[in-house]
Amino acid sequence: MKVVFENLTKKFPNRDRKSRTEVVAVDHFNFEIPDGELVGLLGPSGCGKSTALNLICGLLKPTAGKIFFDEDDVTELPAQNRGVGMVFQNYALYPHLTVKQNILFPLQNLKGAERPSRGKMLEKVQEAAKLVQIDELMERRPGELSGGQQQRVAIARALVKMPRILLMDEPLSNLDARLRLQTREEIRRIQRETKITTVFVTHDQEEAMSISDRIVVMNQGVVQQIGKPQDVYDDPCNLFVAKFLGTPPINLFHAKVKAGRLYIGEEAVLKTGGVPDQDVLAGVRPEGFLLNEQGALSCNLKGVEVMGRDISVVSSHSCAETAAVRSIISAQNKVDLTSANVRFDLKPDKVFLFDMRTEQRIDFTE
Ligand code: ADP
Ligand code: MG
């Protein structure tokens, strides 16, 4: 089942009563979530991710615009008739019910012809439990489970009705680092097995990049960019997207284009053909630096952090936006730690220029 947004907009009255302006939580969404894909909705806290999910499942009604499931306009359809499964950050399990009873619950709530026989229900519960690998824990109560196990129960409960669409709102946020990684792989596996169109909300770029077929990067209710994770990382459309994706984050320099060259301070560091003379913000991915004693860009060496396969060279530059410039280079390189300076060449495809005013990307040719 694909999900289509057509000018979808949700406004809230401002919580601050003195202010008359409305909050536009979801601002003219116009895109499509393809059938069978896992799409990551990614953006900082407050950018409208949960609002978007609640519009899909029908817990919220849009201020304007429409939602379609395949060709069906579901904008006015009540939540219980949409066939959507939902998983929340806090699991929201019933504490007094066993695992089995928790997963059974949505089936027992079905009415009339939709309601399967008792035997069929138990079969479906068993199937869902097996899928998320908690079929050994059926008689326990949520209090007797780890966070990761509780979240699996919540996923099984969302899957037991075989939803047309699965929505997950920051489902891993309450788990510790190791469980988060493990559960994220589980979610990926379950989604591949069931092929249910899934929308996965997170503010964690690494999580979204690793789990998604496609990411939708949002800021302040507005979709910034949609694409495969690697494509968006390699080709960000604006400063926000470039800054939001990647660890360590992109390094930013106040720079200048003059006569077809990019200047950081007094140094010409790159050919930037096709760009008129102007001040720009230059972003350099950490992996965009090449150590070279004759390199074009000179930074003040502060230290080196060992990361195993790679090393992170920490330096500073008067034109850099942050105190530290971080470059990731192969550990085979040797950095002379007694030197006050370190010189780099820049890889052109890892350098992005941005308009100072609009913060949109400026293309250049080498
Ligand atoms: P996210 O899930 O990305 O953190 P939300 O969708 O929860 O963001 O919120 C988006 C914006 O809408 C925020 O500014 C939030 O304060 C506002 N908002 C969300 N729900 C309501 C509501 N029920 N009433 C008023 N404002 C709301
Ligand atoms: Mg949220």
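Quick note: the coordinates plus some simple rules give every number you see, no bench work behind them. Just so you know, these numbers come straight off a predicted model, no measurement behind them. Neighbour counts are summed over all protein chains in view; Cβ atoms, including those assigned to glycine, are modelled from backbone coordinates with ideal geometry.
List of remarks:
- Rounded Å value of the spacing that divides the Cα centres of the stretch 32-89 and the stretch 173-241: 16 Å
- Cα-based reach from Lys130 at 17 Å (exclusive), listing aspartates and glutamates while leaving out same-chain residues under 8 positions away: Glu139, Glu185, Glu186, Glu193
- Karplus 3J(HN,Hα) series, Hz, for the stretch 264-280 with 6.51 cos²θ - 1.76 cosθ + 1.60 (x for Gly, Pro): 10, x, 8, 9, 7, 10, 6, 7, 10, x, x, 10, x, 4, 5, 6, 9
- Taking the chain as a Gaussian network of alpha-carbon nodes connected by springs under 10 Å, the highest mean-square fluctuation of the residues Gly48, Gly143, Gly85 belongs to Gly143.
- In plain terms, the residue of Met1, Met307, Met86 with the fewest other Cβ atoms within 10 Å comes first and the most crowded comes last, giving Met307, Met1, Met86.
- Net charge over other residues, Cβ less than 12 angstrom from the Cβ of Tyr91 (K, R count +1; D, E count -1): 0
- Ranked by how many other Cβ atoms sit within 10 Å of their own Cβ, fewest first, the residues Met162, Met209, Met218, Met138 fall in the order Met162, Met138, Met209, Met218.
- Helix axis angle, 177-194 relative to the chain longest principal axis, alpha carbon, degrees: 60 degrees
- Couplings 3J(HN,Hα) for the stretch 126-135, derived from phi with the Karplus relation 6.51 cos²θ - 1.76 cosθ + 1.60 (θ = phi - 60°), are 4, 4, 5, 5, 5, 4, 9, 6, 10, 5 Hz, where x marks Gly and Pro.
- Helix 147-159 axis, angle to the chain major axis (alpha carbon atoms, nearest 10°): 60 degrees
- Distant-in-sequence amide contacts of His28, defined by a placed amide H-H separation under 5 Å and a gap of 5 or more residues or a different chain, comprise Thr9, Lys10.
- Charge dipole of the stretch 197-288 about the Cα centre (unit charges at C-beta), most positive-ward option of Val269, Val217, His203: Val269
- Residues Phe200, Phe364, Phe29, Phe105, sorted so that the one with the fewest Cβ neighbours within 10 Å comes first: Phe105, Phe364, Phe29, Phe200
- Whichever aspartates and glutamates have a C-alpha closer than 19 Å to that of Lys49, once near sequence neighbours (fewer than 8 apart) are set aside: Glu6, Glu22, Asp27, Glu32, Glu37, Asp169, Glu170, Asp204, Glu206, Glu207, Asp213
- Calculated diffusion of the chain, Stokes-Einstein form, Kirkwood radius summed over Cα pairs, 4 °C and 1.567 mPa s, µm²/s: 56 µm²/s
- If you model the stretch 103-190 as an ellipsoid using its alpha carbon gyration tensor, with each semi-axis the square root of five times an eigenvalue, the axes come out at 24, 14, 11 Å, biggest first.
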